Every structure is written in structure tokens, then in C-alpha cells.
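Note sheet for the following structure.
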Amino acid sequence: MRYVVVGASAAGLAAAEGIFEVDPGGEVLLLSEERQAPYCRPLISYWLAREAPASLFPLPSPALNRGELRAGVRAVHLDAGARRLTLAGGEVIPYDRLCLATGAAPKPLGLPGEEAPNVFSFRTRADAEAIEAELGRGAGRALVLGGGLVGVKAALSLAARGLETGLCVASGFPLSQSADETAGGLVTQALESRGVRVRLGCRPSALRVEGGRVTGIGFHSSDGVDPCDVVIRAKGVEPRGELLGAPPGGVAGDQELRTGTPGVWVAGDTALTHDLAWEEPRINAIWPAAVEQGRLAGRNMAGARESYPGSLAMNSLRVGDLHLVTAGITRPPLGPYRALQEADASRGAYRKLVLREGRLVGAVFAGEAEQAGLIVAAIRAGSRLEDLPFDPLDRRAHWGAYAFAGPFPPFAGRG
């Protein structure tokens, strides 16, 4: 059996490993647009900040020794009927079963001048290395456009390198897609304490280009132009489902991560799968979900018939002394939701639980996140608040005290 996996990051590498678990004699070809061997992508911000060495990048995997990796190639056309994949340059690759682990691509700004050499995305190791080269030319001022996780981590890295760094956030607070306003306010304070100037409600309107380089950015919220030497484009990503002609929202996978195209599976940041909190198809573009989906897709490609239970949006971020953990639904819409919150401004601590009809579906922990892991597990399990052995909003209680003490009386819940 000949298996082809398009993409060799977390999902693609896990898919190859899953294939070999079920079909040890299978022929596996991994295709990657990146020129490097598979590496740990979340490390790029730490590397740029000089907090982690490049030696930590490689992802050792037995699949790389058993299969074939072709780096620096791009798939441009899929003939699903003939089961043939065409690469840029015209080479045609036949396959029996295919996994799309193509990930996502940074969204463009849609402004003239963004093709300038000092405008960067911040998604790959190559991006980080290009930014590093620009810093070596003496850049002193950076503007990061976008207040999501990528933008926040990019801004922290640049500030750590001594650049005058501005984080330009279109919404009213950073991390608006994963946190809530209170947690976002704590993140703002923590960023500014680390030398990042946070500007809220800022949407770029124009790039000032001089000598082929961007030297300033204009915003809808002001009349002036902010000067800069480096621009980081962090306005979100678009799932890459173009090989299947998929719409911008991603490629849907069924419970076995099969697409609607015979012989094709999907995993990772382009995969629309069941969301455990929202109970509907969503993309949760996080490394653990990509690994889970890749391994299961690979196993099913090789003949297993396993169902994917679904994924949960999760993020963990440290900004100085602030530790922020979010999971599931953090800003619930109107409807059958209830939010429980506890905040202590003196300690910079904040906790929030979101419930739907009594079941945990979301959480925010900022400042003190010792119990966050158990709460995330409870959300994944669909637990009710009263199922927990302690009050998760009481900072004096700690689940570790109960870990080996059972049986224990259930927590009676709040309200």
C-alpha cells in the first residue's frame, strides 16, 4: 500500500507514525513545502527571543527512518479519481491513500506594500530566521499587527531582543478569540510590563513604503503614521484546503477523519472536526489536536476503524509572571450558559468557569493556574461542576490534596 501525506509538521508526522502502527510494511511518502526536516514549530518565539537554542527544534520520529521525506516541494493539483498528486514542476505522484495535513497559511493584510522584504509572517522556522536576519541589520522598531496568540508571542520575542515594540490589536483586548475581557486586561498589563506597547482598537489602513521597504503604518483610529523598521503580520490564518477545492472554512472530516473524497483523510489545522465544548464542527488549530488527529487519520488510512472523539480549544501562555490558561468556550453567547467568576486584583488573579446546563464547557485561569489541568480534563470529559472534588474557584483548595485521598465527598457546587 502506498500512502502519501501532504504536510510534515505535527499532523503529518503523526499520520506517518499512525500508518506504521497498523501497516508496518506500508510505503509512506511525506511531502513538505518547508525545506527543513520536521521541527517543533511552537519553539520559534523562544528561539527568536534567544530563550531556546536551535538544537531543540528537530522532532525525532521513527517514521522519518522508515518512510521517505521530500522537503521543499509543493503539491498543486489532486486528481482524486485517478489517485494522482501533481507537484509544482509537473511531477506526478500516484497514491493509494492520501492524508491532507496541509495546515494553514497566514492571512494577508490586503494592503499595498505588504510584499516588502521587512514585512513578515510568524508561523514557521523560516519566518523566524528571516526576522532574525532583519534584526541583524539593525532594526530598532517593530509593529506587530494582530493581538492573537501569534501576535502576542511575536511581540514578546521582539521586546526581549530590545526592539521598541508595538502590538496593534483591532479588538478591545488581546487574545479576544481565546480569552475574555478581564483576562485580556491582565495580559495587556503583563505585556506592557515587558516593554510591549499595546494599542487597542487599531486597524491598519495603509503601509508607508520608502525605498521598497515599509517605514510606517497608518491606522483608521488615528491621522498619523507610526514609524517602524519591522512589521509582523499576525492577523490570523486560513486553512489550506485548496487541493480539494474546499471553502475557506476548512476541510470537513467524519468520525474517522475521512473527507468526502474517496481515499483522502484530513488532520491538523485544516481539519473541521467535532468540538467537544461547542458540540459542532470547528477547527482547533493547536499542536496536541494536530497530533491526535494525525495519528488517528494515519491508523485509519492503514485499515483501523477508530472514531475521533473531538478536540477542545486550549491555550497556555506565560507573560512574565502571568500564567494564562484558557479552554473551551470563554465568551459564551446568549443562551443556556452560566459563567462563574472570581477575581483578586491585588494578586492579579482571575478565574472563570463557563457552564451549559450544569456541565463544564469553558474556563479561564489567569495568574494562578495550578488547577487548570484538571478543569481542562473535566471539560473534555463533559463533567458537571458538582462532579469535582473541590471548589475550583477557591484558590485555597488544591486538587493535589485529593489525588491520593479518595474516596471523597463530591463538591456540592455553587448556586
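Remarks
- The computed mean projected area of the Cα convex hull in nm² for the structure shown corresponds, within (i) 22.6; (ii) 21.6; (iii) 25.0, to (i).
- Annotation: amide H-H contacts under 5 Å for Thr215 (H modelled 1.01 Å from N, sequence separation of 5 or more, or interchain): Arg208, Val209, Glu210.
- For Arg384, solvent-accessible area (1.4 Å; no DNA, RNA or ligand), Å²: 80
- Length-normalised contact order of the range 60-169 in % [C-alpha pairs under 8 Å, at least 6 apart]: 13
- Surface accessible to a 1.4 Å probe, His77 within the full protein complex, Å²: 100
- Simple label model, 7 Å out from Cα along Cβ direction - Ala80 to Trp287, nm: 3.2
- Accessible-area ranking of Ser311, Ser193, largest first, probe 1.4 Å: Ser193, Ser311
- Computed 3J(HN,Hα) for the range 71-84, one whole-Hz value per residue from the Karplus formula 6.51 cos²θ - 1.76 cosθ + 1.60 where θ = phi - 60°, is 9, x, 10, 10, 7, 10, 8, 10, 9, 5, x, 8, 6, 9, glycine and proline marked x.
- The GNM of the chain, with springs linking C-alpha atoms under 10 angstrom apart, assigns the highest mean-square fluctuation among Gly166, Gly136, Gly249 to Gly136.
- Mean separation of Cα contacts under 8 Å (6+ apart) over length of the chain, as relative contact order %: 15
- Cα shape, the range 150-219, gyration tensor, a/c 1.5 rule: oblate
- Only helical runs count toward this figure. For the chain, summing -39,500 (n - 2.57) over DSSP H runs of n ≥ 4 and dividing by all residues gives -6000 deg cm²/dmol at 222 nm.
- Cα-projected label distance for Ala381 with Ser316, points at 7 Å along beta-carbon direction, nm: 1.8
- Extension gain, Ala343-Gln177: 0.36 nm per intervening residue step, less the Cα-Cα distance, totals 57.7 nm.
- Largest GNM mean-square fluctuation across Gly250, Gly358, Gly184, computed for the chain with C-alpha springs under 10 Å, falls on Gly358.
- Per-residue accessible area (protein heavy atoms, 1.4 Å probe) orders Glu279, Glu34 as Glu279, Glu34, starting from the largest.
- Projection of the Cα convex hull of the range 20-178, averaged over all directions and equal to a quarter of that hull's surface, yields 12.7 nm².
- Percentage relative contact order, the range 167-287, counting C-alpha pairs under 8 Å, at least six apart: 13
The values are calculated or read from the model by the stated rules, or taken from the named source; none is laboratory data. A quick note: this is a predicted structure, and the numbers were derived from the prediction, not measured. When we count neighbours, we look across all protein chains shown, and the Cβ atoms used for this are built from the backbone with ideal geometry, even at glycine. In case anyone asks, the SASA skips ligands and DNA or RNA and just uses the protein heavy atoms, side chains included. Shrake-Rupley method; radii C 1.70, N 1.55, O 1.52, S 1.80 Å.
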